[in-house]
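Enquirer: Sharing a structure below in structure tokens format, with a few things to ask.
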Amino acid sequence: MYKTTGLTHLINSTKYSLQGLRSAFQHETAFRHECFAAVILVPLAFLLGHSALQTALMIGAVLLVMAVELLNSAIEAVVDRIGTERHELSGRAKDQGSAAVFVAICIAVVIWLGVIIGG
């Protein structure tokens, strides 16, 4: 098997990324909720941001939550693929992935409140 480069690599990478987004949307309820929230929050960021930087921070915070959720879902899928028996390390991996999503949500809330309250 050979490694693709250049435009072929870009096309393949884009295809795999879109497959991952589609899969997450189909199989992960939390990701669907975050997508629906993004549909509301991204346009709202353009209305509430007082500068391009504030708008970018607000949108970036929403995208950060979605990216961390994708990573959390990937961790859960790998752990579940390895085995269904309860194991301390599997539980820790899933809990820490969930905690990462929680931290990303906290970051988003702080940024949004900072823009809304602090102007």
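The values are calculated or read from the model by the stated rules, or taken from the named source; none is laboratory data. This one's a predicted model, so the numbers in the text were calculated from it and none came from an experiment. Note that we place each Cβ from the backbone using ideal geometry, even for glycine, and neighbour counts take in every protein chain shown. In case anyone asks, the SASA skips ligands and DNA or RNA and just uses the protein heavy atoms, side chains included. Shrake-Rupley method; radii C 1.70, N 1.55, O 1.52, S 1.80 Å.
Enquirer: If packing is taken as the average number of other Cβ atoms within 10 Å across a peptide's residues, how do 41-50, 10-19 rank, most packed first?
Expert: Numbers: 41-50: 14.2, 10-19: 10.5.
Top of the packing list down: 41-50, 10-19.
Enquirer: For every helix of n ≥ 4 consecutive DSSP H residues, a contribution of -39,500 (n - 2.57) applies; sum these over the chain, divide by its total residues, and give [θ] at 222 nm rounded to the nearest 500 deg cm²/dmol. Please report the intermediate quantities before stating the final value.
Expert: Values: 4 runs with 104 residues, N = 119.
The helix contribution divided over the chain gives -31000 deg cm²/dmol.
Enquirer: Now for a separate question. Counting only protein heavy atoms and a 1.4 Å probe, tell me what percentage of the stretch 42-119's accessible area is made up of carbon and sulfur. Write out the running numbers ahead of the final one.
Expert: Working: 3620 of 5080 Å².
Summing carbon and sulfur atoms, their accessible area is 71 percent of the total for the stretch 42-119.
Enquirer: Name the most mobile residue of G20, G97, G83, meaning the one with the largest mean-square fluctuation, in a Gaussian network model of the chain with Cα contacts below 10 Å.
Expert: Maximum among the listed residues: G83.
Enquirer: Can you tell me how the chain classifies by the Cα gyration tensor, rounded, prolate or oblate, using a/c under 1.5 as the rounded cut? If you can, show how the numbers build up before the last one.
Expert: On the way: a/c = 2.52, a/b = 1.35, b/c = 1.87.
In terms of gyration-tensor shape, oblate.
Enquirer: Which of A52, A38, A74 ends up with the largest GNM mean-square fluctuation for the chain, with Cα atoms connected below 10 Å?
Expert: A52
Enquirer: Per residue, how much accessible surface does the chain expose to a 1.4 Å probe? Answer in Å², no decimals.
Expert: Working: 8450 Å² over 119 residues.
Here the per-residue accessible area is 71 Å².
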